[in-house]
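Heads up: the structure comes next, in structure tokens.
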Amino acid sequence: MRKFFLVSLFAVMPFVTLAAPAEVASTKESFKLPSQVAATAKPKATLRSSGALIQRVENNVWFDSIDISFDADLNDNGFYHSLYVRFDADTNYNSVPVYAHFALKRAGAPEVIIHTSSVFTLYGTSADDWFAIESELLHSLPPAYYDLVIRIYDADYNDLLAEISGFDEPALAELPLEDYSYDKPQVVIIKEDSGSLGWLSLVALVGIALSRRKLKVV
């Protein structure tokens, strides 16, 4: 029985292999490397008690500021396929390695993750450990108003440390976006139909050409 089970397992395994999904967005990261961060944290005058962003997960990591901008509207319909997001997050720890998920959500559709970041480090309440992405949306995002969702995870244990979305902050809600396949400028082809007059003109031109040819032969 044991030998039969092993043979059966190896025979089935090739059929359950799934292909990797296509990349939804082409994304470039920018962030402060550890060597560029000051050795001592720079405390802010106000933390979460005043002026900090509202977020869904209450923990030792939180979002302090988020900047968003759009670019690239090729068909001038008010929806963009290039998105720039930069945030600064703070922590009660001296330092913590993290990574972030960036996702877009529209009403009546599942959430689409556009980028999973590389690992970067948060240093206390420093303002110099910001993280940013510049993402060109490629597919799976029809023209609509999307909510941006950002989640920060512990890089060592994969625990969710902080989450913020358009549900929490209006600035992250109803972003006018679409992917590149929808943003291509429309090409209008104009087809002219000259009707019966056009056919008569064509016949007349052929007749003139034939008559000229006969005259040359004579």
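Some notes on this structure:
- Residues of the range 144-164 classified as within 17 Å of the chain's Cα centre (by Cα) and more than 13 Å from residue 100 (Cβ to Cβ), total: 4
- Per the conditions (1) modelled with pLDDT under 90; (2) within 22 Å of residue 29 (Cβ to Cβ); (3) open to solvent by 60 Å² or more (accessible area, probe 1.4 Å), the sole criterion not satisfied by residue 193 is (2).
- Positions within the range 69-98 being part of a strand (DSSP E or B), open to solvent by 50 Å² or more (accessible area, probe 1.4 Å) and in contact (Cβ under 8 Å) with a residue 60 or more places away in the chain, in sequence order: 70, 80
- Yes/no for residue 182 being part of a strand (DSSP E or B) and over 13 Å from residue 24 (Cα atoms): no
- The C-beta contact set for the range 127-140 (first residue closer than 11 Å to residue 102 by Cβ, second residue open to solvent by less than 50 Å² (accessible area, probe 1.4 Å) and among the polar types (S, T, N, Q), distance under 6 angstrom, 6+ apart or interchain) comprises 132/30; 133/27; 135/27.
The values are calculated or read from the model by the stated rules, or taken from the named source; none is laboratory data. From a predicted model like this one, the values you see are computed outputs, not experimental measurements. Cβ: placed from backbone, ideal geometry, glycine included. Neighbour counts: every protein chain shown. Please note that ligands, DNA and RNA were not included when accessible areas were found on the heavy atoms of the full protein model with its side chains. Shrake-Rupley method; radii C 1.70, N 1.55, O 1.52, S 1.80 Å.
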